[in-house]
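Reading through the structure tokens given below for one structure.
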Amino acid sequence: MATVWRSSPPVEALVLVGVGVLLGLGLLLTLRWFHVSRGLGAFRCYVRLPGSRGPFARWRRGAARFDTHCLRWFPSWTPFASRGLLMERASLELYGRWTAGDDDPVPGGLTVLHGSIGARSVELAVPASSAAALTLWVESGPPGRGVNVA
């Protein structure tokens, strides 16, 4: 009896490997999201990327976390915790706020904070309690750094 050698793996094996890779990536993203968003001082935060303006400007969903001298924002759907936005307290200025409505591209009821990080414009959409905490955190910076909230 002759042995038949296949030159390529069976389709079922490739499908099984593909499903395994997708499940592993999904588990990795879920664990990373829980690690970032469940930490002390973490809250839901949408960020409009600096420099994006106009009707097609894109909001990115993520989580932000207070640190001693900076606010770290982590995007939702990336496996890399280092890919995000670092906003230092000394260079973060907040000078406008409004409540998002049904016509806005972010979920209604969130408070949108308009500000800048140095010379770059930034907008953050956060729950009302987090907006108050963020404003107080910026105001309570160490002496000598000025007050960055109007």
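The values are calculated or read from the model by the stated rules, or taken from the named source; none is laboratory data. All of these numbers come straight from a predicted model, not from anything done at the bench. Heads up, the Cβs are rebuilt from the backbone with ideal geometry, glycines too, and the neighbour counts pull from every protein chain shown. Just so you know, the surface numbers come from the protein's heavy atoms only, side chains and all, with ligands and any DNA or RNA stripped out. Shrake-Rupley method; radii C 1.70, N 1.55, O 1.52, S 1.80 Å.
Counting heavy atoms of the protein chains alone, residue 116 has an accessible area of about 10 Å² for a 1.4 Å probe.
Give the shape of the range 95-135 as rounded, prolate or oblate, defined through the alpha-carbon gyration tensor: a ≥ b ≥ c are the square roots of its eigenvalues, a/c under 1.5 means rounded, and otherwise the shape is prolate if a/b is larger than b/c and oblate if not.
Working: a/c = 2.69, a/b = 1.43, b/c = 1.89.
The shape class here is oblate.
Ranked from largest to smallest solvent-accessible area, with a 1.4 Å probe on the protein heavy atoms, 30, 111 come out as 30, 111. In this rough spin-label picture, where each label sits 7 Å from Cα along the Cβ direction, the residue 99-residue 11 distance is 5.6 nm.
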